[in-house]
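The structure appears right after this line, and notes come after that.
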Amino acid sequence: MLQTALEHSLKEVLQRLVKPLLHPAIPVRAQRSMIRKAYLASTPPAGCRFEHMTLGGIPVTRTRCEDSDPARAILYLHGGAYIIGSPDTHRGITGHLCVSSGASVYAADYRLAPEAPFPASLEDAKAAYLALLEDGYQPAQIALAGDSAGGGLALALAMQLRDEEVGLPGAIVVFSPWADLTHSQLYEPKVEPMLPQRWIDKAAGLYCVGESRKNPLISPVYGDFSGLPPLLIQVGSEEILLNDAQRVAEAARKSGTEVCLDIYNGLWHVFQMHAGQLARATEATREAGQFIRDRTFSRA
């Protein structure tokens, strides 16, 4: 009963306070500042330690907890439509994922549009991944993870690594992936409490300057999923990116890739940000962490 009331309250807060900030008329810099403050409500578990460092010249925030296995790593790619967000806004998610997976989480502070459109974010993600390999991690000891735009970026990175014959990670976990920037098949829920289409339309334009939005490295739903690592997709039933998640899962299955699609009824875009408060969000991050534990390997 209390959890149902909490879900309703959180949904109201998102719709009344957060969604209005994601308006195409608000300057990107102002949105970055306001969303940073809004995400202060997303908190990591007690005992998480955050350290700023670099990987391959890319700024990252490493998250560790008491039980972190130094022989496992997650490269985390934050969401924000490629124009907002940072490792700091996603400490709640990376902290819970660190605890549930037992891995060290490296959240990449990749370059954002409009200052740095495609392929800057992909270049930065690849540089961070290659640096993990150079630091001694084996590919099977690494997982890729990300939410929203970061989820699409994780899929695009995996496709690029495969095509370039770089060792692939042991698993991929994506939350509400933004995987089709053409927006040709967006879902239409009765209520979308967080993500306005006009805002992601604008963000896609800022990111894709001069590039086809059907480029698989921009919209991985149009790419080849064969040979990719096991994939977990989590998505809410009340978000416009539900079809993106379903289409990615279908494409992965047709390509013979192991895929698990979990649709959380009544929840919204990247609801995992509420882990630690909302029971279903906490459980989702636990399941994501277990998926990573089961498919990555430790040196020990």
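Any read-out appearing in this document is the output of simple, stated calculations on the displayed coordinates, not a laboratory observation. Here the structure is a predicted model, which means the values were calculated and not measured. When we count neighbours, we look across all protein chains shown, and the Cβ atoms used for this are built from the backbone with ideal geometry, even at glycine.
Calculated mean residue ellipticity, 222 nm, the chain: -11000 deg cm²/dmol, from DSSP H runs (n ≥ 4) at -39500 (n - 2.57) each, averaged per residue and rounded to 500.
When the C-alpha to C-alpha distance is required to be over 27 Å, the pairs from K19/K254; K19/K190; K126/K190 that qualify are K19/K254; K126/K190. Its Cα centre serving as origin, the stretch 2-295 has a Cβ charge dipole (Lys and Arg +1, Asp and Glu -1) of approximately 680 debye. Note on the chain: with a GNM built from Cα contacts shorter than 10 Å, the maximum mean-square fluctuation among I200, I142, I74 falls on I200.
Shown in residue order for the stretch 200-211 are the 3J(HN,Hα) couplings computed by the Karplus curve 6.51 cos²θ - 1.76 cosθ + 1.60 at θ = phi - 60°: 6, 4, 5, 4, 4, x, 5, 7, 9, 3, x, 10 Hz (x for Gly and Pro).
Considering only G85, G236, G210, the Gaussian network model of the chain with Cα springs below 10 Å gives its largest mean-square fluctuation to G210. Rg then Dmax, both in Å and based on the Cα atoms of the stretch 158-215: 14.8, 43. 3J(HN,Hα) along the stretch 248-258: 4, 4, 5, 5, 5, 4, 4, 8, x, 7, 5 Hz, from the Karplus curve 6.51 cos²θ - 1.76 cosθ + 1.60 with θ = phi - 60°, whole Hz, x for Gly and Pro. Plainly put, the stretch 2-295 has a radius of gyration that is 0.93 times its Kirkwood radius, both from alpha-carbon atoms, as the Rg/Rh ratio.
Computed on the chain, with alpha-carbon pairs under 8 angstrom and 6+ residues apart, the relative contact order is 21 percent.
Of the trypsin sites (Lys or Arg not before Pro) found in the stretch 179-277, those in coil by DSSP whose Cβ has at most 16 other Cβ atoms within 10 Å are K190, K214.
Panel order for E134, E283, by other beta carbons found within 10 Å of each beta carbon, from fewest to most: E134, E283.
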